[in-house]
């Protein structure tokens, strides 16, 4: 007997609860409280996964933008709620990010061993660490099993980590040290007298690793550092700091830090680097642990790049929940419970 598709059209009934609220009756072909089928929502989620912007998806199906965000948030909320953490979790990376469009301050926590995001919170400093502590407790992860935390150059961060994770040693992450070096160099460049358009146009050359520059870029960089001696001197100081990561012991790291920082403390002409040298000396204890850290130094930097890519997908998503869900979607290694069509 030949098969024919059959479509049954019906209105899903509503019921009135004892609290006086109206709710749709649950149906087997759709998510609770959704007006779309599992298959339809799965197609929407797969389009989001391929990089299609929310507004384009909304336009293609002639639905409101908010319909797409509700579908997206519904699935992400379920997936994140049901996510299971590694019960051997002992190493955390903490990343502080400012959303480039909304200006939201976001603190992201990464499982450094498995290299994925486990927590996103719109708080900073102590409040963010407290939120992380409560979340791990909810997931049956004892704060006492956390042995190592790496994070930003923040005066209070090590103190707060010790308060909530008493067994953990705190290490300033290499990413934040490199970021601070680049900021100091950029401030020096901006203060240069005779600031030219060419110096501004090629500012990225000063921030890139010299070994990654093309021959043409190296020639341009040499020309600029020759014409602007202060910038050239600052660039050499920044590049010299890379040797710190090659030191094999805490004693060597401490010796290198002192050698690098002491001349800068006596150089008011390079005020941004003088300020940075004071900051590094104050965080010397957290930097010295970098070689005793078993985690790959590039891990947080790698995940940070993935987070920035996820944030580039948040066009039109101003709500912090939407932004957080986009980070989880791309960087959280979540198992999405919707059916995937073959």
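Structure above, values below:
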quantity	calculated
Complete set of residues in the stretch 75-90 that are more than 19 Å from the chain's Cα centre (by Cα), part of a helix (DSSP H, G or I) and under 15 Å from residue 116 (Cβ atoms)	79
Leading residue by the ranking (nearest to the chain's Cα centre (by Cα)) among those in the stretch 232-249 that are closer than 21 Å to residue 276 by Cα and at pLDDT below 85	245
Filtered residues of the stretch 245-270 (kept if surrounded by fewer than 19 Cβ atoms within 10 Å (Cβ to Cβ) and touching a residue at least 60 places away in the same chain (Cβ under 8 Å))	245
Residue in the stretch 323-339 that is surrounded by the most Cβ atoms within 10 Å (Cβ to Cβ), counting only those that are out of contact with any helix residue (DSSP H, G or I) (no Cβ under 6 Å at 6 or more places or on another chain) and within 19 Å of residue 128 (Cα to Cα)	324
Any hit, the stretch 46-63, residues being within 19 Å of the chain's Cα centre (by Cα), in a helix (DSSP H, G or I) and loosely packed, with under 15 Cβ neighbours inside 10 Å	yes
Residue in the stretch 91-101 that is touching a residue at least 24 places away in the same chain (Cβ under 8 Å), assigned to a loop (DSSP other than H, G, I, E, B) and surrounded by fewer than 16 Cβ atoms within 10 Å (Cβ to Cβ) present	yes
Candidate set from the stretch 295-307 (those that are more than 19 Å from residue 72 (Cα to Cα) and in contact with a strand residue (DSSP E or B) (Cβ under 8 Å, 6 or more places away or on another chain)); member that is modelled with the highest pLDDT	303
Hits in the stretch 120-159 (condition: surrounded by 14 or more Cβ atoms within 10 Å (Cβ to Cβ), over 19 Å from the mean Cα position of the chain (by Cα) and farther than 26 Å from residue 325 by Cα)	145, 147, 158
Close pairs from the stretch 65-76: first over 10 Å from residue 41 (Cα atoms), partner assigned to a helix (DSSP H, G or I) and at pLDDT 90 or above, Cβ under 8 Å, at least 6 apart	73/325; 76/325; 76/328; 76/329
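The values are calculated or read from the model by the stated rules, or taken from the named source; none is laboratory data. Treat the numbers as computed from the prediction; the structure is a model and nothing was measured. Note that each Cβ is placed from the backbone with ideal geometry, even for glycine, and that neighbours are counted across all protein chains shown.
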